[in-house]
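Undergrad: The structure is given below, and queries will be raised subsequently.
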Amino acid sequence: MALDHDFIRRQFPAFAEPSLREQAFFENAGGSYACRQVIDRLGEYYRRLKVQPYHAYPAAQEAGAWMDASYLRLAGYLGVAADEVQFGPSTSQNTYVLAQAFRRQLKPGDEIIVTDQDHEANGGVWRRLAADGVVVREWCVDRGSGSLDPQALDPLLSERTKLVAFTHCSNLLGEINPVATICAKIRKAGATSIVDGVSFAPHGLPDVAALGADVYLFSAYKTFGPHQGVMVIRRPLLDALGNEAHYFHAPMPHRRFVPAGPDHAQVAALCGVAEYFDALDRHHGGGDDEGRAARVRALLQGGEADCVQTLLDFLAARRDLRLLGPRRASARAATIAFVPASRTPLELVEALAAQGVMIGSGHFYSVRLCEALGIDPARGVARVSLVHYNSPTEVEKLLRALDATLAG
């Protein structure tokens, strides 16, 4: 079904903001606009419920119920149990805490596998374990395409492999890795899979159970929500990893991997993401049944596809830039990076900003991937990242601005 962009954009107050009204926003991979449901929840929480939750008085009870609802509703969209969902300050912080939990489990000589395709948040924390005697093995990308070959993982796996950290989707290439296939390989080897889904989740929250990932991470502030990181840890791993918070929080799964404690208001506001998805589904003919998560995923990805292919075709036809990642929208997420030939990425971004088009430039914490592809990280890439609320009219504006700027 075609997306109703008028309805969708009414759900995002940023589109009614006078200072943003004439701007086309294409840096969603750095942080998307927040939906109305999240903003309303956050504002109401601060007005009415800004108390310590879960105490016996009514405001505290309601505040706790709002937080509980966020775990329950997000878990439903992810296909997991509510107590397998963790909310922390960011994905980078969540992976750091997770690595500390694994640190106690690993012994000198144990092996872990990392890639050079990942955002540094899902690479650096694991590489640091080498200081404790853990052997770090590299699953390297193809230096021409940047792709990860699942077959190249096989010789790296052994009885000593304890975990494999990889990305669902590169934040530069946009290429979607076959997560279920890779996780099955890792499980067969007796190891744990840790999947960074930050660049995939804005285009449809995945069914984590179907993927077979032991750990799945993404950022709520890139999926229309508040500045929180979401981390799913499946059982029995959740219990085996123990507790990284105060010792008396050990019986509380939601507290174990948030040492500083939850941000009550932002956790409570996260339910708004699910409420937005509910409204999107209902408006496009859905209902309140168990197929809702799959329908919303299909709506988001299908609604982006035509715009993404239009942009890919435009960029692939040009000789004054290097386009990264697959040329087919069906093989990638709506995050598209390229290297202009005649000017720096930053110069291009500045020129587009003067025309009311917002994109990003830099290495986007994928320094290792830049180096593998022969790109100077200090120069970086230009990156256009769409989500479902970007309209065909905005894409046309982007193409006109790119054409004029690249040719100038």
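The values are calculated or read from the model by the stated rules, or taken from the named source; none is laboratory data. Since the structure is predicted, the reported quantities are computational estimates derived from the model, not experimental observations. In this analysis, Cβ positions are derived from the backbone assuming ideal geometry, glycine residues included, and neighbour counts consider all displayed protein chains. SASA here: full protein model, heavy atoms, side chains in, ligands and nucleic acids out. Shrake-Rupley method; radii C 1.70, N 1.55, O 1.52, S 1.80 Å.
Undergrad: I'm checking my understanding of the structure. Among residues of the range 122-158 that are in contact with a strand residue (DSSP E or B) (Cβ under 6 Å, 6 or more places away or on another chain) and in a helix (DSSP H, G or I), which one is surrounded by the most Cβ atoms within 10 Å (Cβ to Cβ)?
TA: Across the range 122-158, the extreme among qualifying residues is 122.
Undergrad: Just one of 4, 40 is open to solvent by 50 Å² or more (accessible area, probe 1.4 Å) and closer than 15 Å to residue 388 by Cα; which is it? Show your work before the answer.
TA: Working: 40 fails: closer than 15 Å to residue 388 by Cα.
Unique residue meeting the criteria: 4.
Undergrad: Just give me the residues in the range 317-337 being open to solvent by 50 Å² or more (accessible area, probe 1.4 Å) and without any contact (Cβ under 8 Å) to a residue 24 or more places away in the chain, in sequence order. Steps first, answer last, please.
TA: Here is the first cut: in the range 317-337, the ones open to solvent by 50 Å² or more (accessible area, probe 1.4 Å) are 317, 319, 322, 327-328, 330.
Across the range 317-337, the qualifying residues are 317, 319, 322, 327, 328.
Conditions (1) closer than 26 Å to residue 282 by Cα; (2) of a type in the set (A, V, I, L, M), marked per residue:
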{"residue": "7", "(1), (2)": "yes, no"}
{"residue": "14", "(1), (2)": "yes, yes"}
{"residue": "32", "(1), (2)": "yes, no"}
{"residue": "39", "(1), (2)": "yes, yes"}
{"residue": "47", "(1), (2)": "no, no"}
{"residue": "60", "(1), (2)": "no, yes"}
{"residue": "79", "(1), (2)": "yes, no"}
{"residue": "84", "(1), (2)": "no, no"}
{"residue": "88", "(1), (2)": "no, no"}
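Undergrad: Go through the range 171-181 and give me each residue that's open to solvent by less than 10 Å² (accessible area, probe 1.4 Å) and within 13 Å of the chain's Cα centre (by Cα).
TA: 172, 174, listed by residue number.
Undergrad: Please enumerate the residues belonging to the range 263-298 that are in a loop (DSSP other than H, G, I, E, B), at pLDDT 95 or above and not acidic (Asp, Glu). Let's see the steps before the verdict.
TA: Kept after step one, since they are in a loop (DSSP other than H, G, I, E, B), are these residues of the range 263-298: 263, 270, 284-291.
Filter again for at pLDDT 95 or above, leaving 263, 270, 284.
Passing the criteria: 270, 284.
Undergrad: Considering only residues that are buried (at least 21 other Cβ atoms within 10 Å of the Cβ) and touching a strand residue (DSSP E or B) at 6+ places or on another chain (Cβ under 6 Å), look in the range 159-170 and name the one that is farthest from residue 118 (Cα to Cα). Outline the logic, then answer.
TA: Just the residues of the range 159-170 that are buried (at least 21 other Cβ atoms within 10 Å of the Cβ), to begin with: 163-170.
Now drop any that are not touching a strand residue (DSSP E or B) at 6+ places or on another chain (Cβ under 6 Å), which leaves 163-169.
On the way: 163: 15, 164: 12, 165: 9, 166: 6, 167: 6, 168: 9, 169: 8 Å.
This residue is 163.
Undergrad: Ok, one more. Any idea how many residues of the range 45-91 are acidic (Asp, Glu), under 24 Å from residue 222 (Cα atoms) and open to solvent by 60 Å² or more (accessible area, probe 1.4 Å)? Give the steps one after another, and end with the answer.
TA: Of all residues in the range 45-91, those acidic (Asp, Glu) come to 62, 68, 83-84.
Remaining after also requiring under 24 Å from residue 222 (Cα atoms): 68, 83-84.
Next, from what is left, pick out any that are open to solvent by 60 Å² or more (accessible area, probe 1.4 Å): 68.
Counting residues in the range 45-91 that are acidic (Asp, Glu), under 24 Å from residue 222 (Cα atoms) and open to solvent by 60 Å² or more (accessible area, probe 1.4 Å) gives 1.
Undergrad: Moving on. Looking at the range 107-158 only, could you name the residues that are closer than 14 Å to residue 368 by Cβ and among the small types (Gly, Ala, Ser)?
TA: 121, 123, 124, 146 - these are the residues of the range 107-158 that are closer than 14 Å to residue 368 by Cβ and among the small types (Gly, Ala, Ser).
Undergrad: Which residue pairs have Cβ atoms under 8 Å apart, sit 6 or more places apart or on different chains, and have a first residue in the range 141-153 that is at positive phi and a second that is assigned to a helix (DSSP H, G or I) and surrounded by 15 or more Cβ atoms within 10 Å (Cβ to Cβ)?
TA: Cβ pairs passing all conditions: 146/369; 146/372.
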